[in-house]
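The structure under discussion appears below in the form of structure tokens.
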Amino acid sequence: MYVSVITVTYNPGDLLEPTMQSVLGQEGVRLDYVVVDGSSKDGTVERLRAFGEQVQGEPVQGEGVHGGSLVYRWVSEPDRGLYDAMNKGLKMATGDYVLFLNVGDTLAHSRVLVDLWAEASDAGAYYGQAMVVESVGGREKGLRRPLPPPQLNSRSLRFGMAVCHQAFIVGRAWTPAYDLQYRICADIDWMIRCLQALEKEKVRIHFADRVLVHFLDGGLSSQRRKVAWRERYRILHRHYGLLNNLLNHGWIGLRYILRRFVPNFG
């Protein structure tokens, strides 16, 4: 299994190191680790160089570095936002599969990827659960909701992000570029289009019913919830049509209310 893990950053502070170490600690797979930094001013470039020294034993400046089964590359330059940086990462990726691991998020353990490959070496995509952890202290808060469905297809996202983006590993052959007209929820549109491409070619999608990633609480969409809701509505309208989207959003709204007031609601 040859996986490109992509991390995008901008002034991440101390959150970057745990993410990088969780990638470095993976066993039994070939890894292409790409970090795309938006020209941070908080010492991130120095951290990126230091990580390269840890991988290779000497500083790196964005070139391919081979340390055992890990190839590490990075770039630090201005970009047009989160999804523009993700598109840069996709262009740099060389792996057969792609995984986006955000700053502060970590793979659940050292054999996450090799265990997936052992279960289903012929899958075009893999997905599983995400454990939400606090941004301060790292205390586990519980599994990300909604829980991922046992069968995933492009219709599964009609009520929103059914699978955590960081718990979704997809063959690079089926990964389109992110649509930059969406500034907050382009990941939903991207995942739908990935799944549509997989369905078109009838490629297997493998579900691992366990935690694959520790997912840092918060995020861009939760910080700008109203804007995110409007953008998500446009995306789901585009893919599922007006009537279906109106009905689906009725359930989305009800589910949001129930989650706030009913303990442990799905």
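Remarks
- Yes/no for TYR240 being without any contact (Cβ under 8 Å) to a residue 24 or more places away in the chain, over 21 Å from ALA130 (Cβ atoms) and touching a helix residue (DSSP H, G or I) at 6+ places or on another chain (Cβ under 9 Å): no
- In summary, strands (runs of 3 or more DSSP E) completely within segment 1-71 and bearing 2 or more residues that are modelled with pLDDT under 90 occur at 65-67.
- Taken together, ALA108, ALA93, ALA130 contain a single residue that is surrounded by 22 or more Cβ atoms within 10 Å (Cβ to Cβ) and not hydroxyl-bearing (Ser, Thr, Tyr), which is ALA130.
- When GLN166 is tested against (1) within 29 Å of HIS237 (Cβ to Cβ); (2) in contact (Cβ under 8 Å) with a residue 12 or more places away in the chain; (3) in a loop (DSSP other than H, G, I, E, B); (4) among the polar types (S, T, N, Q), exactly one condition is not met: (3).
- The residue of segment 111-127 that is modelled with the lowest pLDDT, among those that are assigned to a loop (DSSP other than H, G, I, E, B) and either crowded, with 21+ Cβ neighbours inside 10 Å or not charged (D, E, K, R) (or both), is SER121.
- Flag if TYR182 is under 16 Å from the mean Cα position of the chain (by Cα), part of a loop (DSSP other than H, G, I, E, B) and closer than 26 Å to GLY81 by Cα: no
- Residue identified as hydrophobic (A, V, I, L, M, F, W, C), surrounded by fewer than 19 Cβ atoms within 10 Å (Cβ to Cβ), assigned to a loop (DSSP other than H, G, I, E, B) and out of contact with any Cys (no Cβ under 6 Å at 6 or more places or on another chain) among ALA173, ALA177: ALA177
- Qualifying residues in segment 128-145 (those that are in a loop (DSSP other than H, G, I, E, B) and out of contact with any Leu (no Cβ under 7 Å at 6 or more places or on another chain)) - the one modelled with the highest pLDDT: ARG144
- LYS91 meets all of the listed conditions (1) under 15 Å from the mean Cα position of the chain (by Cα); (2) within 13 Å of ILE6 (Cα to Cα); (3) part of a helix (DSSP H, G or I) but one, namely (1).
- One residue from ILE184, ILE252, ILE257 being over 21 Å from ALA130 (Cβ atoms) and modelled with pLDDT under 95: ILE257
The values are calculated or read from the model by the stated rules, or taken from the named source; none is laboratory data. Just so it is clear, the structure is predicted and the values come from calculations on it, not from any experiment. For neighbour counting, all protein chains shown are included, and Cβ atoms are generated from backbone atoms with ideal geometry for every residue, glycine included.
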